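Each remark here refers to the structure printed beneath this line.
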Amino acid sequence: MQRARAIFLVAAPDRPGLVARLAGFFYRLELNILDASNHSDLYAEGGTPRFFMRLDVDLERLACTRAALEESFGELARTLEATWSVRYTDVIQRIAILVTTEAACLYDLILRQRAGELPCEIALVIGNRPALESVAAGFRIPFVVLPVTPETKRAQERQLLELIGRHHVDLIVLARYMQILTQDFLAEAPPAINIHHGFLPAFQGARPYQQAHERGVKMIGATAHYVTADLDQGPIIEQDVARVTHEMGPDELARVGRDVERVVLARAVRAHLERRLLVEGRRTIVL
C-alpha cells in the first residue's frame, strides 16, 4: 500500500524566492517533496505576473497533525498573498456521473476506474432517462433516474443536490448529460466537468456531426471543461482532435468523435483527481 501524500496547490503574485520559501517550509518539517512543478505567468490578467505551484509531499515523517500542518502552511501562504488548497491521497475522492442516453463515455470511465487509471470511487450514476441503467447495474453501481422537464428542473436539481450530498460526492462528471445545469445548482454543487463534441466554440445545438459533415470538416475534436453558468464557456481542461476525410458520413464522424471524447474526458477527470489543475479566471493552469 502506498504511503499517504499531501498534494498542495498554490497561486500567488510572482516574486523571487517563492520556490525556495515553499520548499523550505517542508524541509524544516523534514518532509520529502516527491514531485514539484511550477509556472510563472508573465501575461496574467491585470498585468501582474502570477505564480502557480503543485507540490506532492510524502507524509511518512509528519510529526504533527494534518490540521496543524495546514495551519502552519496557511500562515506562510498569507505572507505570500497566496491562495492554496490541499488534498490527501489516502482520502479517496468520490464521483457522480450524470448521463442521458449515450453510453460510450460512461463505459470508458467505469473501465478506467476499475483498471486503477482513475484514483476515485464511482459513488453513483444519475440519469435523466433510464436508458443506461443496465450499464451501471452490470458493474453494481447505484443508478438513479431523475426525469426532468423545463417545469420540474428546479425540483430535479434539488434532488440532484440531495443525492450528491448523501453520497459525499467530490466531483460531478457530465458524460454526455444532455441538460444545462443552472447557476443555483452550480453554486451549491462540487466541481463539475463536461465533455463537449468539438473544439470550443464549435457546432452548437442538435446533430453536431451532421453539421460537421455538411461543412466538410477535415478535423473533429473534443473539449473537456469545468461547468459554469455560461453554456460551454467554462475553463478548458483538455482538448484533442482526430483527422477525418470527405469519404466519411455522419455516422463515421460520430464514431471517431466518440473515440476522442472518451480520451479527452478521461484525461480531464484524471488531471482533476490528481490535483493538477488550478483555475485562474476563465482558464486553467495544468501542472
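Quick note: the coordinates plus some simple rules give every number you see, no bench work behind them. Predicted model only: the values in this text are computed from it and were never measured. Please note: Cβ atoms are built from the backbone with ideal geometry, for glycine as well, and neighbour counts cover all protein chains shown.
Observations on the structure shown:
- Around the Cα centre of the chain, unit charges on the Cβ atoms of Lys, Arg, Asp and Glu (plus for the first two, minus for the last two) sum to a dipole of about 220 debye.
- Look at the dipole of region 238-287 built from charges on Cβ: of Ile285, Val241, Ala266, the Cα furthest out on the positive end belongs to Ile285.
- Taking each residue as 0.36 nm, the span from Arg78 to Glu60 lengthens on full extension beyond its C-alpha to C-alpha distance by 3.9 nm.
- Global form of region 93-286, assessed from the alpha-carbon gyration tensor, a/c cut-off 1.5: rounded
- Charge-dipole axis of the chain as Lys and Arg at +1 and Asp and Glu at -1 on Cβ define it, positive-most pick from Tyr226, Ala4, Val125: Ala4
- Note on region 239-287 and region 144-191: Cα centroid distance 23 Å, given to the nearest whole angstrom.
- Residue-by-residue Karplus 3J(HN,Hα) for region 134-149, coefficients 6.51, -1.76, 1.60, Hz, glycine and proline x: 5, 5, 4, 4, x, 10, 6, 10, x, 10, 10, 9, 10, x, 9, 10
- The H on the amide N of Ile220, modeled in the peptide plane, is under 5 Å from the matching H of Ala242, Val244, each at least 5 residues off or on a different chain.
- Computed [θ] at 222 nm, deg cm²/dmol, the chain (DSSP H ≥ 4; -39,500 (n - 2.57); rounded to nearest 500): -10000 deg cm²/dmol
- Applying a length cut-off of 30 Å (Cα extent along the axis) and a mean Kyte-Doolittle floor of 0.5 to the DSSP H helices of the chain leaves no helix.
- GNM remark for the chain: springs join alpha carbons under 10 Å apart, and the peak mean-square fluctuation among Ala254, Ala63, Ala224 falls on Ala63.
- Rg/Rh ratio calculated on Cα atoms of region 230-287 (Kirkwood radius): 1.09
- Electrostatic tally near Ala12: other residues with Cβ closer than 9 Å to its Cβ, Lys and Arg +1, Asp and Glu -1, net 0.
- Most mobile of Pro49, Pro150, Pro208 in a GNM of the chain (Cα contacts under 10 Å): Pro150
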